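The values are calculated or read from the model by the stated rules, or taken from the named source; none is laboratory data. Since we're looking at a predicted model, the values are computed, not measured. Please note: Cβ atoms are built from the backbone with ideal geometry, for glycine as well, and neighbour counts cover all protein chains shown.
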Amino acid sequence: MIRNRFYISAVVSVLLLVVLTVSGCGGDKTSTAKFDTPTYPFSFDYPDGWKVTRNPAFVFGSDDAVRSVGVTLKEPDDEITVAQYELDKELPDGFNANQEEIDRIVRRLTRQSNGSSSDSIEVSFGGIPGYQYVVEYPGGNGVELLTTLTFLFQGKNEFLVNCQSSPANRAALDAGCEQVLNSLSFS
């Protein structure tokens, strides 16, 4: 009788271990949501469960965006915004904007926020070129914020992707930012 209980207990333990192992297979099971609406000329994937806000109040440096959307992990510091601005003149396909001008804008915004900025790097997301910067600056309540600013240029449009995070949520926000940038699509 004791031997049978031991045997049954061992079999149940092995089966439980197999079920737990198999359920963990297949890589990351993070669910994804998609922002895609016909009134916006861009779409992207983001982590499911994050709050979506059209025309969010938080847009780095300017509130004159034609369209903007925010996906928020935790207010007020951990959020990603994608904003569309209209340029004064049309850029040829595949042409990047004037780097010196963008550098000047980022330096000015960084000074205004008492922060520091990396040098720009050339990037391309969704098939259009741009520049990316990493900016650190003090937020409210003494929280040091980190923002990755990605400026992308297409025709008469500038798109700004702003990924801002606090130290407590930096890893999750970085993963969300990567997901947004790598899935960006423009119509």
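Screening VAL123, VAL161 for residues that are modelled with pLDDT of 95 or more, within 27 Å of SER187 (Cα to Cα) and surrounded by fewer than 20 Cβ atoms within 10 Å (Cβ to Cβ) leaves exactly one candidate, VAL123.
May I ask you to list the residues in the range 78-130 that are in a helix (DSSP H, G or I) and either among the acidic types (Asp, Glu) or under 18 Å from the mean Cα position of the chain (by Cα) (or both)?
We begin by selecting, within the range 78-130, every residue in a helix (DSSP H, G or I); these are 99-112.
Passing the criteria: GLU100, GLU101, ASP103.
Return yes when PHE151 is touching a residue at least 12 places away in the same chain (Cβ under 8 Å), touching a helix residue (DSSP H, G or I) at 6+ places or on another chain (Cβ under 6 Å), buried (at least 19 other Cβ atoms within 10 Å of the Cβ) and within 25 Å of TYR40 (Cβ to Cβ) and no when it is not. So that I can check it myself, show each step before the final result.
Values: touching a residue at least 12 places away in the same chain (Cβ under 8 Å): yes; touching a helix residue (DSSP H, G or I) at 6+ places or on another chain (Cβ under 6 Å): yes; buried (at least 19 other Cβ atoms within 10 Å of the Cβ): yes; within 25 Å of TYR40 (Cβ to Cβ): yes.
Judged against the criteria, PHE151 is a match.
Of the residues making up the range 134-158, those that are within 21 Å of LEU73 (Cβ to Cβ) and either hydroxyl-bearing (Ser, Thr, Tyr) or in a strand (DSSP E or B) (or both) are VAL134, VAL135, GLU136, TYR137, PRO138, GLU144, LEU145, LEU146, THR147, THR148, LEU149, THR150. One residue is enough: does the range 157-177 have a residue meeting the conditions within 20 Å of PHE35 (Cβ to Cβ) and of a type in the set (Ser, Thr, Tyr)? Scanning the range 157-177, I find at least one residue that is within 20 Å of PHE35 (Cβ to Cβ) and of a type in the set (Ser, Thr, Tyr), so the answer is yes.
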